[in-house]
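A short worksheet on the structure shown next.
Values in this text are rule-based calculations from the coordinates and carry no lab data. Values in this document were obtained by computation on a predicted structure and should not be read as measured data. FYI the Cβ positions are ideal-geometry reconstructions off the backbone, even for glycines, and counts take in every protein chain you see.
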Amino acid sequence: MADFRAFAAVSEAVLALLRSNYQPEDFNNELDFRVFMARDFGSSGLQNGVSLFLYRVLPNGSYRSPAGRLDENGRRFRPQLAVDMHFILTAWGGSASLQHTVAGWMMRIMEDTPLLPAGLLNSVIPDVFQPEEAVEVMLADLSNEDLLHVWETLVQNTYQLSVPYVARNIRIESRLLQGAGQPVQQRTFEYSKA
């Protein structure tokens, strides 16, 4: 039950995970890690490293309307918003060899850590996720046509090696209490005559 800053926290947590596993001697280069917007692809200044670009957010198919939490007085908040974040991690390198090495390394790190715990999620942006929460991150299925369309939209015919991922079941909590109905005053039973 994260708050509205969940997308930013997940994006920064993914990069913090990569940053914490980065060892310069493995690459003979200094790597940089950044969250990108569409305009950053054309003028990024990122020579070597990894960028994260959030390109789509969809409702989570498994948990369409999870119940809201109860407050200390027993009042229920409005239902949570359960969503999946679809993003691409792009490997940047001054040479094809470095770009391929960065891509393989980043994929291995992401595969080794499929669950991002609350401690990591809250490490950059504090108090977004509850202590018992975690976010599952896994490789996504993005057709070549869709991936190339993303790149065509971002930068005219300048493709960079990218890997699609999805962060699943992020539950965004409402700040509004669910409206309470009036107490039942009278019960009426009506029977139909057949």
Exercise for review: Compute the Cα gyration tensor for the chain, then decide on rounded, prolate or oblate, letting a ≥ b ≥ c be the square roots of its eigenvalues: rounded whenever a/c is under 1.5, prolate when a/b is larger than b/c in the other cases, and oblate in all that remain.
Suggested key: prolate
Exercise for review: About the Cα centre of the chain, how large is the charge dipole given +1 on each Lys and Arg Cβ and -1 on each Asp and Glu Cβ? Please answer in debye to the nearest 20.
Suggested key: 1020 debye
Practice item. Determine the calculated [θ] at 222 nm for the chain from helices alone, applying -39500 (n - 2.57) to every DSSP H run no shorter than 4 residues and normalising by the residue count; nearest 500 deg cm²/dmol. Key: -8500 deg cm²/dmol
